[in-house]
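Data block below; observations after.
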Amino acid sequence: MPAPTVLREFSNIGFSSPGRSFPGFQIPASARAIELAPRDALRVEMQAGDLLSVHGLSKDNQVWLAGFDDKGHDALSAIGLTEQDTLDRALIDADAFLGWVAAHGGDPTQKTPVFTVRELTEPLVLKASDTLTVWAFCPMSRHHLITGHDTNTVSLLHQPAPRTGPILPAPLGDIRDEFTVARGTGQAYEVRKGDIIQIIDIEGQQCSDFMALRADGLDKGQEWMIDSTATRSMVRRAYPGPGLLDKFFDRDMRPMLNVIQDTCGQHDTFGLACTARGYEERGFPGHVNCSDNITNALDPFGVGRRAAWPAINFFWSTWIDPHSHHIQTEESRSRPGDYVAMRALDDLICVSTACPDDLDPINGWNPTDIHVRIYRPDAPIRRAVAYREKEDAPMTISQESAFHDRLAPLTEHFAPARDLWTPVSFPSHGTLGEYWACREAVTVQDMSGLRKFDIVGPDAERLLQQAMTRNIAKLAVWRGTYSLLCDDSGTVIDDGTLFRMGPELFRWCCGSEESGRVLEALATEMGLQVRIHAMRSALPNLAIQGPKSRDLIRKIAFTQPHVPSLDQLKWFGVTVARLNDREGAPFMLSRSGYTGELGYEIFCAKADATRIWDAIIDAGAEFGVTPMGSAALEIIRIEAGLAAANAEFAPGVDAFEAGLGFAVDMTKTDFTGKAALERNIRDPRRVLKGLLINCDDVPAHGAPVFAGERQVGQVTSATRSPSLERAIAIVRLAVEHAEDGTELEIGQLDGRMKRLTGTVTGIPFIDPQRKRART
């Protein structure tokens, strides 16, 4: 391909995460990461001076770039490119792109000129000479089985050029009004029912107090405003977070605002705006303050004056100390361009401030401006929260999974799982109904939030042998194994299932992006010829679990003779299959799951997700297939004694203390953490056990476990078991009190005033030999 200029402005910019690793690079706070899965089509709005880079493009895939001016005409030249090919719409999901073309006056039937980017040895960096819209496409062949080579995601990075004015995030929709609240001031404004208010922290680490009053109440001389106590009571949280229950209420418990998007995630929702008295008592009489600013801004609307205003304190980082119960504060965690978007549920009078506090860390010691946008009610703004795979990574907004079109009609109860929304429960069956369907029939669950990494190359086995606690040299092709990644102290970093899909090709399905970073660092340290590729959104997956799961899969899975058939799949076996026949949609099929029941998992391309879901639902009708959410899964995984991150394994807990010693092969020559585990296994102090509780009260995570007056352990997970008809808990105990049959107590009400008695037992609680999964 012609060689466009590789600009040196990006010499210190890159990614530190797997699949897009460029050592020594730091990501600017204003940069936006863009992940292109196969068949994806994504839009990037660029202005003159902006940089767009393509990273980590392997020989297995390519990227098409198209550019347009504000009239929808070809503008590739604005990023230094010329037409090479035309867009093949059969290889991408083109609906969103074609809709955009039509909305901008273009002809969707005309051919689209594109520039093709192929294998790169270093990032390709393009600079915009003018304002343009760039569309990036990642084509995928539909004629190959999914073995890792056709599912590579592509990483792009958009770096806005320095601006003379405020750098603001791209608009979320059609803006009705917008204005900047200068530092140390406040501004009141009217919004109509349905309008969406976006409050933007322009430079980061700047708090903004917010209050809203009902317009019809003011017309009647009544000040119906957001009430923090009513809000906390209604949502049952001290810090309401974005989600279906995230609303702000007045004192009569009538909803006023609904949070739609939040990119910061850390706010105070019950404090006062800063007051004159607060500054006076610290020796700063006359200091400008938010309460007076709110009073002055609302005065034209006939709102009474107050010395202290309650407020939603957006971007103010506070928490309650668990020991003293005092409110603590530190520098705001918001970053440049962070925002909160809320929908008005009635006509409101609102006020926003840019906090003037320069005496505390809450504004980073340097008060700055706040920007407010008001969008019309029909703005297509979806519910979302921010997600960063690590603290210094670029932000991404939570996405709907590839199965969302089928899930949304069935439930409105979703919660964020990393960067995806996942169903919590389905009202047609309820959590208990979903539980029994998994125990007695078959369930289907969206598990796309799992992280998947392909480890490919001649040194793949050598890398994994050093990184994993299992003996990977014994892992045959088309087999999988549950394994751990540990650090040097033997602490579990992540757990997951490793599948061997070829002599030099492995797929690691796990819980955290840290797995990829650890593998990448170890490969570099060892100087290995291996590629660690993050699959990201390219491989959505479903869990089909329950005693009738094999009957269901048999109706839809077609396998070729050169790979294992369904009946040849033993526990943790894996194969590649197609839907119904040799021309059907391809998917990876594994005999695995997180339930302790007979079960399978399907991994497929995004483009085939709804087709595969429909086939499962149709084929499973005779077996009573039931969609299952995360709430039912949590009950089942605790009954099965399966470990979870930040529960059974957490910082400071080694693999044996996490109850995961069965996944550690101490006969291996070496692996990361082996020396520490050898020391710990000789003299263990804590073990993981079960506790059968003599009542239905479910203790909280972290609740202390007592033998008399002395604490001897703590609860790591607990639930009420429908099968055992009692509460159960997984507990980490001192070895002196861990013998089966030992009577212990779980402390409630500060650990002292109420005790739940229970008996120590082994785990799993149900099917201890795991015969169901092996059958």
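With neighbour counts taken as other beta-carbon atoms within 10 Å, the residues HIS323, HIS429, HIS73 rank, fewest first, as HIS323, HIS73, HIS429. Here the 3J(HN,Hα) profile of the range 527-541, calculated from phi with Karplus coefficients 6.51, -1.76 and 1.60 at θ = phi - 60°, is x, 8, 8, 7, 10, 10, 10, 6, 6, 6, 8, 6, 9, x, 9 Hz, Gly and Pro shown as x. On the principal axes of its alpha-carbon atoms, the range 685-773 has extents of 40, 28, 19 Å, going from largest to smallest.
Extension gain, GLU440-LYS193: 0.36 nm per intervening residue step, less the Cα-Cα distance, totals 84.2 nm. Report the FRET efficiency, 1/(1 + (r/R0)^6), for THR86 and GLU709, where r is their Cβ-Cβ distance and R0 is 51 Å, rounded to 0.05. Rounded to the nearest 0.05, the efficiency is 0.05.
The local environment of ILE202, defined by Cβ-Cβ distances under 15 Å, has a net charge of -1 under the rule Lys, Arg +1 and Asp, Glu -1.
By the beta-carbon count within 10 Å of each Cβ, the least crowded to most crowded order of HIS325, HIS158, HIS413, HIS533, fewest first, is HIS325, HIS413, HIS158, HIS533.
As a calculated quantity, the FRET efficiency between SER489 and ARG118 at R0 = 41 Å, using C-beta atoms, amounts to about 0.40. The protection proxy used here, the mean number of other Cβ atoms lying within 10 Å of each residue, ranks peptides 511-522, 550-561 as follows, highest first: 511-522, 550-561. As a proxy for reagent exposure, ranking ASP618, ASP750, ASP767 by other Cβ atoms within 10 Å from fewest up yields ASP750, ASP618, ASP767.
On the basis of the beta-carbon distance and an R0 of 30 Å, ARG251 and ALA182 show a calculated FRET efficiency of 0.40. The loop-placed chymotrypsin sites (Phe, Trp or Tyr not before Pro) in the range 43-117, going by DSSP, include none that has at most 16 neighbouring Cβ atoms within 10 Å of its Cβ.
In this rough spin-label picture, where each label sits 7 Å from Cα along the Cβ direction, the GLN560-THR775 distance is 3.4 nm. Coupling constants for the range 379-386 follow from the phi torsions by the Karplus curve (6.51 cos²θ - 1.76 cosθ + 1.60, θ = phi - 60°), and in residue order they are 4, x, 9, 8, 5, 6, 10, 7 Hz; glycine and proline get x.
Counted residue by residue at 0.36 nm each, then reduced by the alpha carbon distance between them, the extension gain from PHE284 to ALA675 reaches 134.9 nm. For LYS548, the lysines whose Cα falls under 22 Å of its own Cα, not counting residues fewer than eight places away in the same chain, are LYS570, LYS771.
The Cα atoms of the chain cover 75, 75, 52 Å along the three principal axes, with the biggest extent listed first.
Residues whose amide H falls under 5 Å from that of THR761, counting only those 5 or more places apart or on a different chain, are GLY690, LEU691, LEU692, GLY741, with hydrogens built in the peptide plane.
Inter-label distance, SER129 to ASN694: 8.3 nm, where each label sits 7 Å from its Cα along the C-beta direction. Straight-distance candidates among the lysines for linking to LYS220, with alpha-carbon spacing under 22 Å and chain neighbours fewer than 8 residues away dropped: LYS193. Within straight-line reach of LYS668, meaning a Cα separation under 20 Å, sit the following lysines at least 8 residues removed in sequence or on another chain: LYS474.
Once the chain from ILE617 to ALA476 is taken as fully extended at 0.36 nm per residue, the excess over their C-alpha distance is 47.5 nm. Rounded to whole numbers, the Karplus 3J(HN,Hα) couplings from phi for the range 207-224 are 7, 9, 7, 9, 9, 9, 10, 6, 5, 5, x, 5, 4, 9, x, 10, 9, 8 Hz, using 6.51 cos²θ - 1.76 cosθ + 1.60 with θ = phi - 60°, and x at Gly and Pro.
Since every read-out is calculated from the coordinates, none of them should be taken as a lab result. Just so it is clear, the model here is predicted, and its values are computed rather than measured. Note that each Cβ is placed from the backbone with ideal geometry, even for glycine, and that neighbours are counted across all protein chains shown.
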